[in-house]
Amino acid sequence: MQIYPQKRVIMEPFLKSVRVRISGRVQGVGYRFWTQDEACRLGLAGWVRNLPDGRVEAVFEGDADTIDRMIRSCRSGPPAARVSDVTIEDGVHQGLSGFEIRR
């Protein structure tokens, strides 16, 4: 009879990636800069950019709870913004690092 050693399992936080599109009065009000500041404060990776149709698009990567906090914040945005809708798509975690504003 053979005895096998027990495997030690180390649980890592669940990492996820989402693509978020924010509608409303979100361009020309500092939304991208606010998003970058908030994402960096929370320790998320990803990017944000303006879309030609007037929306703002962002990708967030990090642990699921922190992403959920960020999405809740996106529903308000900076003081001058007026968010009317936030759509969320799950993505594949790509291992992004840092958070940038894209053109």
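The values are calculated or read from the model by the stated rules, or taken from the named source; none is laboratory data. Computed from a predicted structure; not experimentally measured. Note: ideal-geometry Cβ built from the backbone for every residue, glycine included; neighbour counts use all protein chains shown.
Quick look at the numbers
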read-out: Qualifying positions in segment 57-103 - assigned to a loop (DSSP other than H, G, I, E, B), touching a Lys or Arg at 6+ places or on another chain (Cβ under 8 Å) and modelled with pLDDT of 95 or more; value: ALA80, ALA81, ARG102
read-out: Condition broken by PRO79, with the remaining ones in (1) surrounded by fewer than 12 Cβ atoms within 10 Å (Cβ to Cβ); (2) of a type outside the set (Phe, Trp, Tyr); (3) in contact (Cβ under 8 Å) with a residue 40 or more places away in the chain satisfied; value: (3)
read-out: Pair list, Cβ under 9 Å, 6 or more apart: segment 13-33 residue without any contact (Cβ under 8 Å) to a residue 60 or more places away in the chain and within 17 Å of SER97 (Cα to Cα), other residue of a type outside the set (Phe, Trp, Tyr) and surrounded by fewer than 20 Cβ atoms within 10 Å (Cβ to Cβ); value: PRO13/ASP63; PRO13/ALA64; PRO13/ASP65; PRO13/THR66; PHE14/ASP63; PHE14/ALA64; PHE14/ASP65
read-out: Residue pairs meeting the criteria (Cβ under 6 Å; at least 6 apart or on separate chains; first under 12 Å from ALA58 (Cα atoms), in segment 89-103; second not in a strand (DSSP E or B)); value: PHE99/GLN36; PHE99/ALA39; PHE99/CYS40; ILE101/ARG32; ILE101/GLN36
read-out: Segment 16-38 - residue that is hydroxyl-bearing (Ser, Thr, Tyr) and part of a helix (DSSP H, G or I) and, of those, surrounded by the fewest Cβ atoms within 10 Å (Cβ to Cβ); value: TYR31
read-out: GLN27 vs. criteria touching an Asp or Glu at 6+ places or on another chain (Cβ under 8 Å) and among the polar types (S, T, N, Q); value: no
read-out: Top-ranked residue of segment 49-76 - restricted to ones that are of a type in the set (D, E, K, R) and within 19 Å of ARG102 (Cα to Cα), ranked as surrounded by the fewest Cβ atoms within 10 Å (Cβ to Cβ); value: ASP53
